[in-house]
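Undergrad: The structure under discussion is supplied below as structure tokens; questions concerning it will follow.
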Amino acid sequence: LSLSLCSRVNKKKVTTYAHISYEVFHIIMTDTDYQDKRTLREVASEACKCIDVGVAVLPKLLLNEDVYASTVRSEFNAIVVEHHMKWAPLCQDLPGPIEEGTESTRVGRYDFHHCDQIVDFGLRHGMKVKGHVLVWHVTTPSWVQNMTAEELSEQIRRHIFTTMGHFRGRIKYWDVVNEALAPDGSLANNIFLEKLGPGYIEQCFRWAHEADPNAFLIYNDNKVEGCGLGDHSRKADAFYELLKNLKAKNTPVHGAGIQAHFNAAGVGLQRPPTPIAVKRQIRRLGDLGLRVNISEMDVRISKLPMDENMRTNAQCDIYRDIVSAALSESSFDGIWLWGFTDAHTWIKHFYYDGDQPLLFDKDFKKKKSYYAFRDALGTLSVGGIVGGKQKLFQRNDELEPWGKLWMQPEPNFVSDKSSKILASGDSNPDWLQR
């Protein structure tokens, strides 16, 4: 089954195993020591189609911690700059040298130093590099607030041209617009919508295409991973409709990023989608002619009951089953993790400290979730089962409920706060919506 899928998806990636004798093949597949030592990057290289196994990185860690850098090199074939390539970090918060505690108010003042170091690291080690992100209201410099619509529009255009122009020839993949949707599926009431109207999304993609006609351009958002879940997937439906409308206008948008910041204990809109729901969402996005990637994956577990086995199983199920389901779709081209070690994760700064959402523990040791994730990558290798061991092609009512051993029950009421959030077109980032 795996080889037949390979032949249909990407003939150039099919490896000829006919010249390997059965005895050699059997030794390779049953050598537990060999299998255990394979890195994520090695398993991905054996897949029957090209798979990005990417990770978000930070400059100080990548450039100063040997174990951090060596793990990135060996385990991943792609990297994305976690924070420093966003608009405000480039122009306001992080550029140097400026007096400590003083914000830069000089429009157009860019500092690409840290980003250049990360991009060069990736290219030096044969890795794909993705640019993240050109337009996101949360990380837009504060000095745009008092601009007129015409001034803001021009500054966005200049920012896109400046940033993409600096990396032209080095970065070919870009998250152009990020999180333009509110939890209820309406457009978020951010500064871009207020001053420029709903057409700003399309215009940003057109400017990005002008800045680099050869770039692969992506729209990225959260809580849009699964469809067919009723009210729980209203934002996923809006995500699909937004991209469908952009494609209908011949907008140069080529990819869809579904973030996958999952909370295993989540309920309501925070509830993890089932693997089947994720597969369906990727299928219909692919039918629009888009490539789809999981763009920022991590799995929070600390709000589950204090049961270590439950927490571990939940994290493993989500990493293994959702990634396996995603990989079974031909339009799906990769998974990007938002960090890899619990020692360095944005979760403790923006959600809560003490969580362990990633594949390596704080001492850089592989967790069970690492092997679950690697098993998912292996579903497209020789000996793997496409989609994993899940029954992805049956009706929901024929299946045993996914996640039944750890999924939390829905509350019997909806709080006033939740109702207001859904009705407001809230532009707050996800960590302020929980």
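The values are calculated or read from the model by the stated rules, or taken from the named source; none is laboratory data. Since this is a predicted model, take the numbers as computed values, not measurements. Here the Cβ positions follow ideal geometry from the backbone for every residue, glycine too, while neighbour counts run over all protein chains shown. When the accessible area is computed, the model is the full protein with side chains, heavy atoms only, and any ligands, DNA or RNA have been set aside. Shrake-Rupley method; radii C 1.70, N 1.55, O 1.52, S 1.80 Å.
Undergrad: Contour minus end-to-end for M306 and D120, with contour as 0.36 nm per residue of separation and end-to-end as the Cα-Cα distance?
TA: The M306-D120 span can extend by a further 62.7 nm.
Undergrad: How big is the dipole moment of the stretch 220-375 about its Cα centre under a simple scheme where the beta carbon of each Lys and Arg is +1, that of each Asp and Glu is -1, and everything else is neutral? Debye, nearest 20, please.
TA: Charge dipole of the stretch 220-375: 300 debye, to the nearest 20.
Undergrad: Per the Debye formula with a single identical scatterer at each Cα and no solvent contribution, what log10 I(q)/I(0) holds for the stretch 136-245 at q = 0.20, 0.23 Å⁻¹?
TA: The computed values of log10 I(q)/I(0) come out as -1.10, -1.29.
Undergrad: OK, next. What is the Å³ per residue value for the convex hull set by the Cα atoms of the stretch 283-325?
TA: 79
Undergrad: Grab the eigenvalues of the alpha-carbon gyration tensor for the stretch 211-350, scale each by 5, take roots, and send me the semi-axes largest first in whole angstrom.
TA: That gives 28, 17, 13 Å for the three semi-axes.
Undergrad: Using the Cα centre of the stretch 197-356 as origin and beta-carbon charges of +1 (Lys, Arg) and -1 (Asp, Glu), tell me which of F340, I322, W207 is placed farthest towards the positive end of the dipole.
TA: Checking the options against the dipole of the stretch 197-356, the answer is W207.
Undergrad: At a Förster radius of 45 Å, what calculated FRET efficiency corresponds to the Cβ-Cβ distance of R158 and N64, to the nearest 0.05?
TA: The value I calculate is 0.85.
Undergrad: Relative to the compact-globule scaling 2.2 N^0.38 Å, provide the ratio for the alpha-carbon radius of gyration of the stretch 147-208.
TA: The value comes to 1.21.
Undergrad: Kindly report, to the nearest 10 Å², the accessible surface of K365 as traced by a 1.4 Å probe over protein heavy atoms only.
TA: Counting only protein heavy atoms, K365 exposes about 120 Å² to solvent.
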